[in-house]
Every structure is written in structure tokens, then in C-alpha cells.
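What follows is a set of notes on a single structure, which appears directly below.
Please treat every number below as a calculation from the coordinates, not as lab data. A quick note: this is a predicted structure, and the numbers were derived from the prediction, not measured. Cβ: placed from backbone, ideal geometry, glycine included. Neighbour counts: every protein chain shown.
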Amino acid sequence: MRRIFHRLFSCVAIVAPVAALAATGSDLWLPKNEAATTSMLDLARSEVAAIEGCTPLVVTVDEEWVKANFVAEALDDLGAEDYLLRSMGGDTVAVVGGSPRGALYGAYHLLRDAQGTGLKRTYDERQSPSYERRLLNHWDNLDGTVERGYAGRSIWWQREEPQIDLWRQYGRANASLGINGTVLNNVNASPEMLSRERLEQVKLIADVLRPYGVQVYLSINFSSPAALGGLPTSDPLDKRVRRWWKQKVKEIYALVPDFGGFLVKANSEGLPGPQDFGRSHADGANMLAEALAPYRGIVMWRAFVYAPSEPDRAKQAYDEFMPLDGKFLDNVIVQVKNGPVDFQPREPFSPLFGAMRQTPVMAELQITQEYLGFSNHLVYLAPLFEECLDADTYQAGVGSTVARATDGNLYEQSHTAIAGVANIGLDANWCGHHFAQANWYAFGRLAWDVTLSSEEIAREWLCQTFTAESAFVEPMTELMMRSREACVDYMMPMGLHHLFAWGHHYGPEPWCAVPGARPDWLPSYYHKADKEGIGFDRSSRGSGATAQYAEPLRSRYDDPATCPEELILWFHHLPWDYPLASGQSLWEGLCRRYERGLSEVWAMRATWQKMRPYVDAERFEAVNRRLTIQCSDALWWKDACLLYFQSINGLPFPEDVTPAVHRLEELKKIRLNMTHHN
Ligand code: GCV
């Protein structure tokens, strides 16, 4: 087996004419590859075979060959997922993986270059991933629905026939980004997930995904020992319960030898957990970790917890988890949403990042647009992800970014990981909106290399998905880069949050009042608008949430004069005439932000209109239709929020803000029928 490498020669450029590209979007960012794959190296070779740029390539993991051909190259420390790209003289580029998986990632690197700016003349590059585990979390239910999914039904559950071909495409798409794990079911997990019948389905999926380097994981329901196993309790300290989990884990590994581990939502939003038995999150997580440890499985224990009794929901995760720092076993990672509330268009980063020093912490980002217009709005999320990952927590001095506090650079961590809540369903284009594919893509690229900029990722994705013509790529990169801020502006600028209707998270209902509803699910709990002012006082004079951040952030956030304007109403309740740095009053500033958001979306639509020559008709029209919806939704948001706040403060709109086209009473009557998507 000395010469397990393989040479390829070809001579045609890869850039396909627009008309030849898949108009449905089902190919995502990849060229077609019909090769039936049984091994990762074969897949890697078939992928580079599609690179037609007169460049002979070598794809290998053969150390002997490398020693014979590379000059004094030390490969000993090449990790299993790492790869080298090296020009070998002549036109030859070698792709050398630390294992077949590394070689596969190297092959996709070249493919990306070939489809984008073109292959380089010379390669001398070494890559290794920022995080050890790079995971998608599917919130897919066993009945085939997807919680917060806006792209059709589940690709995993409730189809008569297993979707082998689709799963292969899914595996390939993820491998092309370096995503190496997937949680197949909703964190609101049914005990049925661990039944024999379901586990056999999991085995089927795992077998299909394995050649793509994608490991499977499952969300579990904490009361499974009682609900499924018939035990009288699910108390994590009960011997019978511990034995039940060990048996169940053994059964899983017999079916799926490379099973990744469990994701757990416990004692949150009504789900069972160790606190039901007077035990802590650590007791619960450690029991599972112990069962998984012999197989090298891990537990991702979510910190998304809150109760209606808390005066400030944003504080609870920190309050509950900080006292447990250092109490978790080595194979537990605490999974923390990017912000302290819940995936809002803008939140400060969760104060748990950087604060937990003796427990590995991983970020959970949301790719599906639960709070950002579903798959109707074009919102490129990489700037949001980047804002969180690049935020300086100051927990171990300047430069203690969220990325460094989670990727093992700041503290020693037994494991590192990052997760994104998937936006994938059975829709032909996978994600509902063609541009929502970019959010899956961007998550994967950042998980691989957390230092990439959202702008370069946008460019890459546009080139591969549409065309590399600069008359398309440049304006569209700009459009994508502005889209998230536009969404913040037309929905909830200046730190406002959760102004959504109760029951779904699509449209605005800042007035929403539901008798009997949990107070922390109602918009008025978050905006606290009254005759005098608006905003949630989380300063030291209010809920004290600012104290959960390290200095100098604590003081910066605590004082409205130094708090960034983007977050000012997150941390402060301020009078309507509060003078902003720009000299305008808070009310004027707020009105202008809503207006700016609206005009940005109109500008986005105008830009898209000019892109017709570069895009196939089907995708052009589909995006156009959705941009039209986005324009009218932005107007709806602006009118609903400003008219409602005006009904409270009685102030006129500034002269340069276009008057509302709706009437508040009419807006209040809008009821969306979104029972499947809420
Ligand atoms: C999966 C929010 C969402 C829920 C989600 C929950 C969570 O509350 O609206 O749909 O449940 O977060 O992340 O657990």
C-alpha cells in the first residue's frame, strides 16, 4: 500500500456559465459530483478530479511518500484533521492530510479556490481547525416537523424511505466546510429518541454520513429512564438510573461505534432535569459523562435556562452555572447561546464566556432565522457570529475574546466545540431562502477558522453559488454585509429586544398582552416603555446584570454615557429626550434608526434588481419575491414600533422620518397563522 496516492491531469476551466448552474439551488455551493463514495480518500480524489485548471494534483496521507517527496518536512505533529497544500514543482500540488479526513478538507480547500478567485500559482499552506468539534444542531422532531425551521420538513425523520441520497449530499456539503458532527434531533427531545427502533434509524444515518467525516450525536430527554425504561425515577444519583444510562450508551455504541455523544436541555422551558430531584446540573451532566467516557463520547450540557420568577431573565444562566465551574467531568462541555437572552438580532455576548475558567464552554449560534425574519428575510448572519466571537470579554486581560475563551487559547480545555442551530429542511434549496444557504456556509467556515472575516466568507460563497463575475460579487458582498445591521434597525435598534408577537417570532407586537402568559415572554417585559422613557435597566441601579461582565466592560455598560449606543436600551431605561452622542434625542435617534433600516432594505432590493444578468431566472425571481416581502415587513416593523411607542410618549416624528402608512389599530389586528413555524 505504499502508493496509495493518485494523480490527476485535466485542462478545462471550472467556472460554469450561469445557465448551467442549478436553478433550484439544490447543489448549494458545490459543483456536481456523482462519484459513489466508499472512503474519504476516494471522495477527496473525486473532488479534486473536478478541478479543471491544468493542475496535476496528488492527494495522499502516505507518510512514506511525503518523506520521499517533501524536503525535510516534519509531519509528526499533523493532526488527523490538518492538511498541507504544497506546490511540488511543475504544476503539481500535493494535498497531504494528517488522516483521510484532513486530505478531504484539503481537497475542498482547492475546490473552493478553483471556483472562487482561482487556483494559486503556488501553494505552501498548512491548515488546522479552530475547534475540535464543529457541529450542526437540528431541532428536528420525530414526527418530521422542525422547531423554528423555515425550509420544510425534517430531512431525518418521518419519511417512508430513508433519504440516503439526500443524506449523502448533506454529508458532502458539511465536509466541504469542515463540519464534523451533527445532532439529529430537537433539544426539546422525546424519550422515544432512545428507543431501539429510532436507534436503528440513527445507525442508518450514521453509516451514510461516516465517509464524509460527520459524526452523529443525539439530544436526550433527561427523564428517559422513567419514561422509556420504566424506572420509578430518573434521579441522576440513583444507581438504577445510572445503570440504565450505561446500558443505553452501550447499546448505542454497538450500533454506532463512532457516536459523538449527547446534547442536553434540562430544567429549561418545562423540560425535566436533575433539579427535579434536588440535584445540580453538574450531577446530571456527570452521570451521562460517566456513561459515555469509556467510548470517548461527550456531553454538551446547555446553559439556556430561565424561570418566570427571575426579575431579569438575562442573568439566570450565569447565576446558575458560575457556582458549578470546575464541578463537571472532563468530557462535559457547557453549551452557551451567544447572548444572555435568546438569539435576538443584537445582544451583548453571554457573560458566561470567559468567566467559566475550569469548564470547557462552547458557543451555540443560531443559523435558522427564528428572530430575524425566518427564511423570508435576506439577513447574512456572519457579521452577527463574528461580533460575538470577536467580542472581548476581558476575563483574562485584553484580548480575551469569546473565540479565544472557547477554542482553547485562553484556558486549557479538555475539549473545544462550537454549534450552529441548522436552517435545513426538505425544501429543494435546503434553506428556504437561497441566501440563507450563506448562513450555513458561514457557520461552517467560521467553525473551521474563527479568524476568517465575514466579508471574505460572503465573497467565497457568492462566487461558488452564483458566479465569480465581479460586477455581481462586489455589490452583492456589500449588500450581504449590510443586511444584518439593516435588520437590527428595522426590527429592534439600540438594544431593544424581544418585541415579537407571543407564539411566533416573526412580526412586531410591542403592545402584546396575553392574560396568563409568562411575563418574560411578553414584549413589555423587555422594552418597559412608559410615558417617561424606554429600555431595561440592567445597570447597578437596576437588575445588576452589568456586574456579570468583567472590567472595563462592567463600568462601560453600567454608565449610559459610555454604553455603546447599539446596546443602550439593553442595559438602560432612559428618558425619551435623553441626549445621544450625536446631539439628537433618544426618540429622534430611535425613529431615524427604524427609517434607516427600512431604506436599507429598499436599497437591497434595488441592488438585486440589477443582478438579473448574472443569475438564473428561477433563483432571481425567488430572491426578488422574498425581498419584496422583506420591504413590506420592514415597513410593518417600523410603523408598529414607532406608532406604539408614540402612543405612549405622545411625541411627534422628526421631520425627516417618513410618516407611518399604517394605523396602529389596524396593525394590532394582524394575526399570523404560523402554528407550524412558531
Ligand atoms: C428548541 C427558544 C426557542 C425555542 C427553543 C429554545 C431553546 O425559546 O423559541 O423554540 O427550543 O429557545 O433553545 O431551547
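On a straight-distance basis, which lysines could pair with K668 in a cross-link, Cα separation under 22 angstrom, same-chain partners fewer than 8 positions away excluded?
K528, K531, K638
As a test of the formula, what do you get for the chain when each DSSP H run with n ≥ 4 contributes -39,500 (n - 2.57) and the sum is divided by the residue count, at 222 nm and rounded to the nearest 500 deg cm²/dmol?
Taking each H run of at least 4 residues, the total per residue is -11000 deg cm²/dmol.
Count neighbours as other Cβ atoms within 10 Å of each site's Cβ, and list the trypsin sites (Lys or Arg not before Pro) in the range 43-145 that are DSSP loop with at most 10 such neighbours. Each step should come with its number before you reach the end.
Values: sites: R45, K67, R86, R101, R112, K120, R121, R126, R133, R134; in loops: K120, R121.
Of the trypsin sites (Lys or Arg not before Pro), the ones in loops of the range 43-145 whose Cβ has at most 10 other Cβ atoms within 10 Å are R121.
Magnitude of the Cβ-charge dipole of the chain, K/R +1 and D/E -1, about the Cα centre, nearest 20 debye? If you can, show how the numbers build up before the last one.
Details: 66 positive and 85 negative charges, 235 e Å.
Dipole size: approximately 1140 debye.
In what order do I179, I670 fall by count of nearby beta-carbon atoms within 10 Å, going from fewest to most?
On the way: I179 27, I670 13.
Ranked by crowding around the Cβ, least crowded first: I670, I179.
Under 5 Å between amide hydrogens, which residues at least 5 positions from V58 or on another chain qualify, with H placed 1.01 Å from N in the peptide plane?
V93, A94, V95
Which helices pass in the chain if a helix is a full DSSP H run, must span at least 24 angstrom along its long axis by Cα, and must have mean Kyte-Doolittle hydropathy not below 0.0? List each step's numbers first, then the result.
On the way: long enough: 239-255 (25 Å, -1.22); 470-491 (31 Å, 0.02); 586-609 (35 Å, -0.61); 617-649 (47 Å, -0.14).
Helices passing the filter in the chain: 470-491.
Taking only pairs that are 8 or more places apart or on different chains, how many Lys pairs in the range 167-317 have Cα atoms under 28 angstrom apart?
The result is 11.
Which whole-number percentage describes the relative contact order of the range 370-480, with Cα contacts under 8 Å and a sequence gap of 6 or more?
Numbers: 97 pairs, mean separation 27.9, N = 111.
Relative contact order for the range 370-480 comes out at 25 percent.
Can you compute the charge dipole magnitude of the range 612-678 about its Cα centre, using +1 on each Lys and Arg Cβ and -1 on each Asp and Glu Cβ, nothing else charged? Give it in debye, rounded to the nearest 20. Before the final figure, lay out the partial values.
Working: 9 positive and 9 negative charges, 50 e Å.
Dipole size: approximately 240 debye.
Taking the alpha-carbon distance from K67 and a cut-off under 25 Å, which lysines remain once sequence neighbours fewer than 8 residues away in the same chain are dropped?
K120
Give the long-range amide H neighbours of L263: residues separated by 5 or more places, or on another chain, with amide H under 5 Å away, using H modelled in the peptide plane at 1.01 Å from N.
Amide H neighbours of L263: L218, S219, I220, M300.
Please list 3J(HN,Hα) in residue order for the range 650-662, calculated via the Karplus relation 6.51 cos²θ - 1.76 cosθ + 1.60 where θ = phi - 60°; whole Hz, with x for glycine and proline.
Those phi angles translate into x, 8, x, 5, x, 4, 7, 9, 4, x, 5, 9, 9 Hz.
Please rank D520, D633, D319, D390, fewest neighbouring Cβ atoms within 10 Å first, as an exposure proxy. The partial results should precede the final answer.
On the way: D520 19, D633 23, D319 13, D390 16.
If I rank by nearby Cβ atoms, fewest first, I get D319, D390, D520, D633.
How big is the antiparallel share of DSSP beta bridges in the chain, given as a percent to the nearest 5? Walk me through the numbers on the way to the answer.
Working: 17 of 52 bridges.
So the antiparallel bridges amount to about 35 percent of the total.
If you filter the range 520-595 for trypsin sites (Lys or Arg not before Pro), then keep DSSP loop positions with at most 16 other Cβ within 10 Å, what is left?
Working: sites: K528, K531, R538, R541, R554, R556, R592, R593; in loops: K528, K531, R538, R541.
When the trypsin sites (Lys or Arg not before Pro) of the range 520-595 are filtered for loop state and at most 16 Cβ neighbours within 10 Å, K528, K531, R541 remain.
Rank the residues F70, F472 as a footprinting-exposure proxy: fewest other Cβ atoms within 10 Å of their Cβ go first. Intermediate values should be presented prior to the final figure.
Numbers: F70 15, F472 19.
Ascending number of Cβ neighbours within 10 Å: F70, F472.
Return the equivalent ellipsoid semi-axes of the chain as a descending list in whole Å, where each equals the square root of 5 times an eigenvalue of the C-alpha gyration tensor. Walk me through the numbers on the way to the answer.
Values: eigenvalues 324, 210, 112 Å².
Value: 40, 32, 24 Å, ordered largest first.
Would you mind calculating the relative contact order of the chain from Cα pairs under 8 angstrom and at least 6 residues apart, reporting the percent as a whole number? If you can, show how the numbers build up before the last one.
Working: 1339 pairs, mean separation 82.6, N = 678.
Once normalised by length, the contact order is 12 percent.
Give the residue from L384, H434, G408 lying farthest towards the positive end of the charge dipole for the range 359-492; charges sit on Cβ (+1 for Lys and Arg, -1 for Asp and Glu) and the dipole is referred to the Cα centre.
Positive-most Cα among the choices belongs to H434.
Hey, what's the per residue convex hull volume over the C-alpha atoms of the range 374-421, in cubic angstrom? Could the numbers behind the result be given before it?
On the way: hull volume 3.6 nm³, N = 48.
It comes to 75 Å³ per residue, whole-number rounded.
What list of ³J(HN,Hα) values in whole Hz, one per residue of the range 126-143 in order, does the Karplus curve 6.51 cos²θ - 1.76 cosθ + 1.60 (θ = phi - 60°) give from phi, with Gly and Pro shown as x?
10, 10, 9, x, 5, 10, 5, 10, 10, 10, 8, 10, 8, 9, 8, 8, 5, 8
Show me the ranking of peptides 507-516, 571-580, 147-156, 651-660 by mean Cβ neighbours inside 10 Å, starting with the highest. Before the final figure, lay out the partial values.
Details: 507-516: 16.2, 571-580: 19.3, 147-156: 22.3, 651-660: 13.1.
Ranked by mean Cβ neighbours within 10 Å, highest first: 147-156, 571-580, 507-516, 651-660.
Answer with one residue from A471, L569, V93: the one whose Cα lies farthest towards the positive end of the charge dipole of the chain, charges on Cβ with Lys, Arg +1 and Asp, Glu -1.
Most positive-ward Cα: V93.
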